[in-house]
1. Within the range 80-101, is there a residue that is at pLDDT 95 or above and in contact with a Leu (Cβ under 7 Å, 6 or more places away or on another chain)?
2. Could you give me the residue pairs with C-beta distances under 9 Å whose first residue belongs to the range 67-79 and is among the hydroxyl-bearing types (Ser, Thr, Tyr), whose second residue is surrounded by 22 or more Cβ atoms within 10 Å (Cβ to Cβ) wherever it lies, and which are 6+ apart or on separate chains?
Amino acid sequence: MEEKLNVDGLTIAPGVVETILSLAISQIDGVAIIGAPRMSEGVISAFNKRHASQGIIVTAEEEKITVEVHVQVYYGFRLPEVAAQIRSTTADALKSQVGVDVAAVNVFIDAIQFME
């Protein structure tokens, strides 16, 4: 999110929303890494996915937010269920912590990871 988000007189700096979402999404079963494999920071997120906001793109328009989430999912998890959980978790986190409604959450499953 490049522009600041203004909600009820509160200004939220760029990166705050991405961090909130990164923390929430990283707790979802099946999410291996936040970020696409082609992203150079993906190597970092493999070791520390809690701070992997590079796979989250937030666009704010008139107090509504559109979110694009790029993830890698562990093999064996049902992809539609993981995507639905990401959508639900994203909407809940933004509503409860930021106080904004989500217009859309677009989930991109960019790769499958195998557990070691």
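1. yes
2. Once the first residue is among the hydroxyl-bearing types (Ser, Thr, Tyr) and sits in the range 67-79, its partners that are surrounded by 22 or more Cβ atoms within 10 Å (Cβ to Cβ) give Tyr74/Val31.
The values are calculated or read from the model by the stated rules, or taken from the named source; none is laboratory data. Keep in mind it's a predicted model, so treat the numbers as computed, not measured. Heads up, the Cβs are rebuilt from the backbone with ideal geometry, glycines too, and the neighbour counts pull from every protein chain shown.
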